[in-house]
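Chemist: Here's a structure for you.
None of the figures in this text is laboratory data; all of them are computed from the coordinates on show. Source: prediction; values computed, not measured. Counting neighbours? That spans all protein chains shown, and the Cβs are built from the backbone with ideal geometry, glycine included.
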Amino acid sequence: MTALLAITIIAPLLAATIGLGVRTRTAVRDAITIAGLAAAAGSAIALLVGVAQNGTVVVRVGGWNPELGIVLVADLFAALALPVALTIVLVVEIFAIGQRRTAWGANPELAGPLLGVLTAGVSLAFLTGDLFTLFVAFEMILVSSYVLLTHQGQRAQIRSGMTYVSMNLLASTLFLFGLAFVYAATGTVNIALLAERIPELSSGVRLGIGAWFFVVFGTKAAVFPLFSWLPDSYPTAPTTITAVFAGLLTKIGIYSMIRFHTLMGMDELGPIFLIVAGVTMIVGALGALAQSNVKRILSFHIVSQIGYMLMGLGLFSAAGTTGAILFLIHHMPVKTVLFLVGGLIENDQGTSSLERSGGLASRRPLIAALFAVPAMSLAGLPPFSGFVAKFAVISAGIEAASTPIVVAALLAGALTLLSMTKIWLGVFWGPQNEDVTPVPTAVGNRRTMQFATGLAVAGTLTISVFAGTLFDLSQEAAENLRTPTNYIEEVQS
Amino acid sequence: MILAHSPIVQLGIRAASPLAIMVGVYLLFAGHNNPGGGFAAGLVFGAVVTLRTIAGIQRPTHAIQIIAAGMAVVVLTAAAPLLWGDVLLDQKVLSFKVPLLGTIKTGSALPFDIGVTAIVVGLVLSLLDGLSATSLTNSPAETEIPS
Amino acid sequence: MSISLLASIGGLTTVGLYLITARSLSRIILGFSLLGHAAVLSLLVAGGPPAAAPIAGGDAPIANPLPQALALTAIVISFGLTLFLLALAARQQALTGDDLVEDDLEDQRIAASSNEEDRSAAAST
Amino acid sequence: MIWVFLIAHVAGVGCAAVAGRSGIRTALGVAAIAPTLTAMWAGVSMASGAPPTTSTFPWVDGLGLAFRFRTDALAMMMTLLVCGIGVLVFVYAIGYFAPNAGGASRFPASLLAFSTSMLGLVWADSAWTLFIFWELTSITSFLLVGHNNTDAAVRIAARRALMITGGGGLALLAGLLLLENEAGTSTLTDLTPVQGSAANVAAVLVLIGAATKSAQVPFHVWLPGAMAAPTPVSAYLHSATMVKAGVLLIAVTGPAFTGLAVWKAVGLTFGIASMLWGAVGALRHRDAKLILAWGTVSQLGLLVTLLSLGTAKSIFAAVSILFAHALFKAALFAVVGEIDIRTGTRDITELGGLHRTMPIAFAVAVAAGMSMAGVPPLLGFAAKEAAIEAVLGLSGFDAVVGATAVIFGSVLTVAYTTRFLITVFGPGPTTKVAPRRIAMTIPAVMLAGAGVLGFIAMGTVNAIVRPAAIELNPKAEVYELLRWPGITTGLLTSLGIVAVGLALGAAIARRATPRIPAPVGADGADAAIDGVLKFAPRLTGRVQHGSLPVYLVTMAGVATLAALPLALDGSTDHLVAWDHPLQALLALVIVASAIAGAFVGSRLGAALTLGAIGTAMSGVFVLHGAPDLALTQLLVETVIVVGFVIGLGHLARRFPEVENTWRLTRLVVSGLGGLIIMAALAAAGADPSGTPPVGDLTAGAVEVGGGKNVVNVILTDLRGLDTLGEVVVLAVVAVGILALGSTTAREEVQ
């Protein structure tokens, strides 16, 4: 079991290393990248099975006790999120192999290795039981995302890259300050020890630390008013890169928040979380409505949906946390698929602008179907996973009698539906725009890309079908997080 | 640039290089017991490379290969204990005698540090290459694009 | 805790924040360097008062080595990111001949379109 | 059994999509198979009196989400309608569409998908099962309404329908959640009366949900627009099935809510307003299809009124009318569709004399229209008679409001029916007609014939309707539909209604309808949607303005706020001026250099201040007992300064002059940020709740790590994972720098 944790980090890293070495030999590089990612994903699935049956797995890296060294902790929460995230990267890598070259054509050989590093960072972020290692994992993820976003050197990418890098760099600096606060106040950066020591602090220090990390993780998660980097940067990158970003990056932020703020017992911050959650979901959804480009609409929806996860967390109840976890699991693949479909649309008609597209449903019914399923899921329509997730969060809100946030959630749901309709009417219905001669933005094997997208859609459907099991697991994970003594004991034993 | 292709400067740098490299090697090996370590060593090597590049003695090439090699060493050192069933990054301490340096007690920390050094050197090389340091050393007449 | 160090942290942070909100990318890089210094100093300060260097075997009590290790990692990472920002600035300069941060065009288009509507609405009433 | 038929339906959707390759008619034929089988099963099991069954398929147990179905009398009656009429509509569509019509894969599959959703809805025994299929009917009907989506008006109509029913779905979601909380169950047949303020909110939300689906005023505005759909869709969705979903919802949640005053008040308001306004709409319009659509609004209003009254008899009447309405309204739509196809118009001012040229259609229209108007000898008469009896049997306020509204509404119904029949089929310029399409005629005849047959075989109808009503209210068992009620007040009232209505209808029919009435409400709904679409960029333009400095200032400001509780909690006992006098000096150098760096105008100067700060930092590190940090800091600083010089060497010596209108804001935010960081750090360290294990670290480093430099052992061993991550970051940075550089180099070559 313990080796599985290591493999999820080491395998993609090793694949990235070898991939970097052989980067010009396409077939070898792709094979190695796929193998590394598949090994990681496979281990993550095995880990989930193991953790679900036998409970938390703790690895003391280098054999040091938690007081001195770093521990990796695969509790149920981590074990749930990890396979979903890693499978997504694997699927996107398949799509990327199909999409051989983008219109700009620069440096496609770097994408695979960089994805490998990003994946290793994601695994580390999910598994680490150490706040400083979380910082390092964030940096691994971020730096690969910086390079992925900008390495083709287009003007729009550099412009958005500067926004993206600068905001995240400031957030990283704030993270370091936060670590200094935490270390000054408790003398440790181990999460389990922190869960023990932070509640003993005076309330001002405790809540200040909580609020500070809310800002740090909130920037990564793109909550209001710290989300501005996201809609500016995501649409400028090539499809495959945006798809991974969309699926994973913000979710790491929200994941860290769920872990940190529940384990540290920051319940008093609940009202602030809920206000931010409400504004985030509404502003994000309105932002989506304002856009006229598929990728930008989808980018703003990430923001909006983060609001739901934050709402689940902000309720600080067992049901709410469960909802947040379930929403997280559902949202990762759905968002990725939507961006992949966005890529298919773009490839087909040479643009993802609504004004310049139309009539795709009759011309490419497969793309329409591939879009419809995740879109309905995103809008929270039954019987898809998005419905279950939203249902869980809203019913937790009703249980907690938090009327304003429930109303906001319902309103945001309506706005989401409207903007999905906007895409549908603009891209799939209506007359085909005759002026536009499709200039594919990417060259490659359409079948491979469609296969990967189809695979991802099937994945989201699987999540819908097994929503019951996932809910039960999420519930157990939430209960674990809400009783920190379990976590503390497991790490220290 | 002032330094560019000046024979005296080149000579000076050529002469100083081995010395600086020895300092780097010392830092690398001493790091476990005294201030130093792989990162500092890498930066010292990097400084040598920088000077040599700016002086036009060498070109900053093979950055990616060096980085890939460094990463391979680091990752494999970290992962090796998994092969014999230990946890990630588990240490193996060895001690052996080396002429000149005396008894060296070291372990898997050493290859790990060597990998770090390689990556840092690679980074400096890529900085010189990517920011086209070489173009600074050329005289303006050579780089000027005819308009 | 030493007020001198706290003041250095405060000063570095203030100037750092001021610089990163500038338009010139070289200023922004400078700002992030200063912020990085401030963060590293914070980690060090958080670890306790000065003492002898943490080399085992001496008699004097040694300084807390952990924040030093953390600070070292932080220095290295912010070093790397500063270099990357430099490369971005160089690329921006190759593209535009300058290193000024540009505003997002699509955002401005949307803001402008809604302003236009306001104006036309005002004109029609 | 339920599962067999549901799966058959789902499989049918796939088969129909595939069969679309051989033309739309084949696909429609394939799609009709599953409904045929299901209708037959429903008929047989009702005839054989099979006992009701339930069937559950778990989904998300933790949330109470499950697929729970039941086959009680109400469900079976609805099955008969959904599948029976469904089959006829598929046949009708075979005639309606040209053999080479587009969307051959899309339309039949979507129609069957809708039928499947509707079936799930009527079988649902759990509020959540009902809700799931409820939403599915919204989606599938969106696809059907938007069938001819190259037309912009169609797209707008489809969007309007989806947004209104989808919005209602959200209200329903909240309402059902509250209901489940209050009632303690989501099983519909187990619902017991609920009380309290949450129950009242739930009641209103459920009614809003029902009103959006069943096109109740003011949510009715999507229904006339939905007539943009092909006529088979209108005949099926907008008369017989989907719009009945709301009515069904009110019926099945009634047992929980009937005791609440607000339920009755809101329900009656919706019902009566819709009944009357719908009838007025039907009298105003001149598009035959729209007349029927508005008539549907009116009829649904009647149903909601009767259900809201909540007596056993009114519920019985509602169920009866629901049954009769499905038959006659589908028949009328079928006729209008046939007229549309054969004459090329649906405008009643252009139509006339069709009784000669389209005799069968005329017969169907008369039979169905009379049923709608409640004229004997037709099923509609018996059902309407039950309604009149029900409202006349009320007492008090209910009686006044209920009876007046229902009677008045019925008069208007007779009137618009009369107007419809006279203007379309009566005297006038004889419209040219195309040949008959037999596939369209047969279903129409069968639907109208069912109304006649229902009157003759009243026993059979009673056997279907009565048990269904009993499911909703056990007291309904004393009632039945009568062919001849005897000379009662009810009958006399009915006769009076018919007489007045005929006269009114005939009078209005003679008046010309010169202009097309404005679509009151629909444009309002669209304006609301457009308003949101316009507001969105306005708000977004403010929030997401695309300027990095503003984003960063915002972020710094938010962080400052976040640290406030920390900073306010400070104690100063543990503070000393300096640990070493040199420290103070170095601090001074650092701060002074930093400030100089902020204001120096030349790039080289800025780089030099950076170097000075780095050196001073090294000094601080040395004082602090951190030689490793000092060494690293110096080396790093060198590389960065070199990088600065070579990277930005091409730039002008001085920073560009940039318009700087908000320097003060920046200064204030930065200053506060710096202060708060200081204060927060001081506060955090004031009273630590734990101590760092310095001794253990040292011992561990020497004994296990095998090194004396504890920091180095930590980096390579204890926290080797961090170092691993750190060097990976460096490697990626290097890759990124190379990639950016090579892009520039390539461009220069070009």
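Chemist: Could I get the Rg over Rh figure for the stretch D:19-88? Both from C-alpha atoms, Rh via Kirkwood, rounded to two places.
Modeler: A ratio of 1.13.
Chemist: Reachable aspartates and glutamates from D:Lys244, Cα under 15 Å, same-chain residues fewer than 8 places away excluded?
Modeler: Candidates past the 8-residue exclusion: D:Glu135.
Chemist: Hey, another quick one. P(r) of the stretch D:693-750 in 5 Å steps, Cα pairs, percent per bin?
Modeler: 4, 18, 16, 12, 10, 8, 8, 7, 6, 5, 4, 2, 0
Chemist: Kirkwood Rh over Cα pairs of the stretch D:201-313 into Stokes-Einstein at 37 °C, 0.692 mPa s: D in µm²/s?
Modeler: Reported coefficient: 238 µm²/s.
Chemist: Find the centroid of the Cα atoms in the stretch B:15-50 and in the stretch A:193-228, then give the distance between the two in whole Å.
Modeler: So the two Cα centres are separated by 40 Å.
Chemist: Return one number: the angle in degrees, 0 to 90 and rounded to the nearest 10, between the long axis of the Cα atoms of helix A:2-21 and the longest principal axis of the Cα atoms of chain A.
Modeler: The angle comes out near 40 degrees.
Chemist: Where nothing but the Cβ of Lys and Arg (+1) and of Asp and Glu (-1) is charged, how large is the charge dipole of chain C around its Cα centre, in debye to the nearest 20?
Modeler: Dipole of chain C, to the nearest 20 debye: 500 debye.
Chemist: Still on this structure, I have one more. For all pairs of alpha-carbon atoms in the stretch D:321-409, what percent lies in each bin of width 5 Å, listed from the first bin to the last filled one?
Modeler: Values per bin, smallest distances first: 3, 14, 19, 17, 14, 12, 9, 6, 4, 2, 0.
Chemist: Given the -39500 (n - 2.57) contribution per DSSP H run of 4+ residues, what per-residue ellipticity at 222 nm results for chain A, rounded to the nearest 500 deg cm²/dmol?
Modeler: When only DSSP H runs of four or more count, the value is -25000 deg cm²/dmol.
Chemist: How much of the pair distance distribution for the stretch D:291-348 lies past 18 Å, counting alpha-carbon pairs only, in percent?
Modeler: Considering the stretch D:291-348, 45 percent of its Cα-Cα pairs are separated by more than 18 Å.
Chemist: Give or take rounding to whole Å, what are the principal axis extents of the alpha carbon atoms in the stretch A:157-268, in descending order?
Modeler: 47, 22, 21
Chemist: Over 5 Å intervals from 0, what percent of Cα-Cα pairs in the stretch D:309-532 sits in each interval?
Modeler: For the stretch D:309-532, the binned pair fractions read 1, 7, 13, 15, 16, 15, 12, 10, 7, 3, 1, 0 percent.
Chemist: Would you mind giving the three semi-axes, in whole Å and largest first, of the ellipsoid equivalent to the stretch D:131-280 according to its Cα gyration tensor?
Modeler: With the √(5λ) rule applied to the stretch D:131-280, the semi-axes are 29, 16, 12 Å.
Chemist: Related question: Would you mind calculating the relative contact order of chain D from Cα pairs under 8 angstrom and at least 6 residues apart, reporting the percent as a whole number?
Modeler: 10
Chemist: With everything on Cα atoms, drop me the angle between helix D:581-599 and the longest principal axis of chain D, reported from 0 to 90° to the nearest 10.
Modeler: For helix D:581-599, the angle is close to 60 degrees.
Chemist: Going by the alpha-carbon gyration tensor, a ≥ b ≥ c the square roots of its eigenvalues, is the stretch A:371-427 rounded (a/c under 1.5) or, if a/c is not under 1.5, prolate (a/b greater than b/c) versus oblate?
Modeler: oblate
Chemist: In addition: As an exercise, take the mean of 1/r over every pair of distinct alpha carbons in chain D, invert it, and state the Kirkwood radius in angstroms.
Modeler: With all distinct Cα pairs of chain D included, I get 31.3 Å.
Chemist: Round to the nearest 10 and give me the degree value, 0 to 90, for the angle of helix D:244-257's Cα axis relative to the longest principal axis of chain D.
Modeler: 80
Chemist: Convex hull over the Cα atoms of the stretch D:550-684, averaged projected area in nm²?
Modeler: Result: 10.0 nm².
Chemist: Counting Lys and Arg as +1 and Asp and Glu as -1, what is the net charge of the other residues whose Cβ lies under 14 Å from the Cβ of A:Leu82?
Modeler: +1
Chemist: Relative contact order for chain C: what percent, with Cα pairs under 8 Å and sequence separation of 6 or more?
Modeler: Relative CO of chain C lands at 22 percent.
Chemist: While we're looking at this one, here's another question. Calculate the translational D of the stretch D:67-146 in whole µm² s⁻¹ from Stokes-Einstein, where the hydrodynamic radius comes from the Kirkwood formula applied to all Cα pairs, the temperature is 25 °C and the viscosity 0.890 mPa s.
Modeler: The diffusion coefficient I find is 183 µm²/s.
Chemist: What Kirkwood hydrodynamic radius, in Å, does the stretch D:514-619 give when the mean of 1/r is taken over all pairs of distinct Cα atoms and then inverted?
Modeler: Averaging 1/r across every pair of different Cα atoms and inverting gives 20.2 Å.
Chemist: In Å, the Kirkwood hydrodynamic radius of chain A over pairs of distinct alpha carbons?
Modeler: 22.2
Chemist: Around A:Ala409, with a cut-off of 14 angstrom between Cβ atoms, what is the net charge of the other residues, counting Lys and Arg +1 and Asp and Glu -1?
Modeler: 0
Chemist: Could you tell me what a quarter of the Cα convex hull surface of the stretch C:3-124 works out to, in nm² with one decimal place?
Modeler: Taking the Cα atoms of the stretch C:3-124, their convex hull projects to 11.7 nm² on average.
Chemist: In percent, how large is the relative contact order of the stretch B:7-135, given Cα pairs closer than 8 Å and 6 or more residues apart?
Modeler: This gives 32 percent for the stretch B:7-135.
Chemist: If you average the C-alpha positions of the stretch D:351-409 and of the stretch D:35-75 separately, how far apart do those two centres end up, in angstrom?
Modeler: After rounding, the separation between the Cα centres reads 32 Å.
Chemist: State which entries of D:Lys289/D:Lys384; A:Lys295/A:Lys335; D:Lys213/D:Lys475; A:Lys220/A:Lys251; A:Lys220/D:Lys534; A:Lys251/A:Lys335 exceed 19 angstrom in Cα-Cα distance in the structure shown.
Modeler: D:Lys289/D:Lys384; D:Lys213/D:Lys475; A:Lys220/D:Lys534
Chemist: So what's the net charge close to D:Trp222: Lys and Arg +1, Asp and Glu -1, counting the other residues with Cβ under 14 Å from its Cβ?
Modeler: Charge balance in the 14 Å sphere: +2.
Chemist: At q = 0.04, 0.08 Å⁻¹, what log₁₀ I(q)/I(0) does a Debye calculation on the Cα points of the protein assembly as shown give, no solvent, two decimals?
Modeler: The computed values of log10 I(q)/I(0) come out as -0.30, -0.96.
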